[in-house]
Amino acid sequence: AGTGLAFAQDNTLNLWAAPIIRPFDDWGPINEAAGVNVSWSPKSASADEALTKMMVGDGQKLYDAFTDNGGGMEDAMGENGVITELDPTRLKNWDYLRDDVKNPDGVAAHSIRHNGKVFAIPYIANADSLAYDRDALGFDPDSWAQLFDPEFKGRVAMQDDFGPTLTNTAIYLHESGQVEIQDRSNMTPDEVKAVAQFLIDQKKKGQFRTFWTGFQQGVDLLASGEVVMMSCWEPIQLVSARKAEKDIRYGNMKEGHQVWNNVVMMTGGAKERGREDAFYKLCDVFLSPWYCSRQLAKFGFASLTSNVGEYVKANPDDFDVAKLEDILTRKE
């Protein structure tokens, strides 16, 4: 007997994704909402590992879909034929996306496209900022300058990752008039050198307690009181506050922040295996206010959709509405 022209469409989806894609203890609620059966493999935050696995390894055979590491990966994957162009008309929740990402000429349109074509669906977005111990400081920092203030020498930390650390420092240096930087998210080699030299000088002066390298270390640094201010992801602030039962808050820096999103992409292998329907069903959940509001409540993550605030207000029994509205206000 022949194998047929194509695999039958089925509702299984092999997903390689970072744990933050799931704001629940297990996949049950998402499977039920999507009508699919997600077979999940945890993925690290290493961009190198992802690129190697998908482009020279067995990623396309193993996985139907996978997530990126904060933006930009869709270009490399699309260029090398790893991922499949997507059809937005198959997504009933596509119109929930904000215009600046949904429209081809929007300011964030490039973050889900390769050569102008859609190759990715965003499931979370955020702007990394500064977490701080309000009781220890006695005030609310509103500038990156406070992270570099000698008053807090040895009591602050930054992330050991060139992306957010260089970008946020560049934003500060540019906005404070210390270094002229044309595009903080796409610096020239000379601009990178200037930002790096500033950080090296700060490090030599002993300004930083450490550069944190993982989620748990970040949580422990804040919860233990080892540092009073730290550039970090928003979930680190939330978890450390719960763990230590301290008033650890997330700031809104007047100079601005690095904004990013995480996306999910479909492999060429998924198309061959007849998993397209399952992929689109799952992505519709990722674009739904039901899912995006749970991400906000669990991790403090924003979304690139436009209706989360309204959904939270309409479902007061499911959320601490005042708390989530406060988080959303900071993201505007």
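Looking only at residues of region 49-81 that are at pLDDT below 85 and in contact with a Phe, Trp or Tyr (Cβ under 6 Å, 6 or more places away or on another chain), we find that the one that is least open to solvent (accessible area, probe 1.4 Å) is GLU74. Among the residues of region 143-154, those that are closer than 23 Å to TRP233 by Cβ and either touching a His at 6+ places or on another chain (Cβ under 7 Å) or not in a helix (DSSP H, G or I) (or both) comprise SER143, ASP149, GLY154. Applying the set (1) open to solvent by less than 30 Å² (accessible area, probe 1.4 Å); (2) within 26 Å of PRO164 (Cα to Cα) to THR84 leaves exactly one unmet item: (2).
In region 70-93, the count of residues that are in contact (Cβ under 8 Å) with a residue 24 or more places away in the chain, part of a strand (DSSP E or B) and out of contact with any Ser or Thr (no Cβ under 9 Å at 6 or more places or on another chain) is zero. Is it true that some residue in region 154-170 is touching a Cys at 6+ places or on another chain (Cβ under 8 Å) and closer than 30 Å to LEU91 by Cβ? No, region 154-170 contains no residue that is touching a Cys at 6+ places or on another chain (Cβ under 8 Å) and closer than 30 Å to LEU91 by Cβ. A search for C-beta distances below 6 Å between a residue of region 26-55 that is within 11 Å of LEU15 (Cβ to Cβ) and any residue that is small (Gly, Ala, Ser), counting only pairs 6+ apart in sequence or on different chains, returns VAL36/ALA278; LYS43/ALA17; LYS43/ALA18. The set of residues from region 8-40 being in a strand (DSSP E or B) and farther than 21 Å from PHE301 by Cβ comprises THR12, LEU13, ASN14, ASN37, SER39.
Would you check if TYR132 is at pLDDT 95 or above, in a strand (DSSP E or B) and either open to solvent by 30 Å² or more (accessible area, probe 1.4 Å) or within 17 Å of ASP68 (Cα to Cα) (or both)? So TYR132 fails the test. A count restricted to region 284-301 and to residues that are closer than 21 Å to CYS232 by Cβ and open to solvent by less than 20 Å² (accessible area, probe 1.4 Å) stands at 4.
Can you name the residue in region 202-238 that is part of a loop (DSSP other than H, G, I, E, B) and at pLDDT 95 or above and is also farthest from ALA145 (Cα to Cα) among such residues? Within region 202-238, the match that is farthest from ALA145 (Cα to Cα) is SER224. Whether any residue in region 258-281 is part of a loop (DSSP other than H, G, I, E, B), of a type outside the set (D, E, K, R) and open to solvent by 10 Å² or more (accessible area, probe 1.4 Å) is what I want to check. Checking region 258-281: not a single residue is part of a loop (DSSP other than H, G, I, E, B), of a type outside the set (D, E, K, R) and open to solvent by 10 Å² or more (accessible area, probe 1.4 Å). Looking across region 155-201, just one residue is assigned to a loop (DSSP other than H, G, I, E, B), surrounded by 14 or more Cβ atoms within 10 Å (Cβ to Cβ), at pLDDT 90 or above and of a type outside the set (A, V, I, L, M, F, W, C), and that is ARG155. Given (1) under 30 Å from GLY225 (Cα atoms); (2) in contact (Cβ under 8 Å) with a residue 60 or more places away in the chain; (3) out of contact with any Phe, Trp or Tyr (no Cβ under 6 Å at 6 or more places or on another chain), where does MET158 come up short, assuming only one miss? Result: MET158 passes all but (3).
The values are calculated or read from the model by the stated rules, or taken from the named source; none is laboratory data. Just so you know, these numbers come straight off a predicted model, no measurement behind them. Note that each Cβ is placed from the backbone with ideal geometry, even for glycine, and that neighbours are counted across all protein chains shown. Heads up: the accessible areas ignore ligands, DNA and RNA and are worked out on the full protein's heavy atoms, side chains in. Shrake-Rupley method; radii C 1.70, N 1.55, O 1.52, S 1.80 Å.
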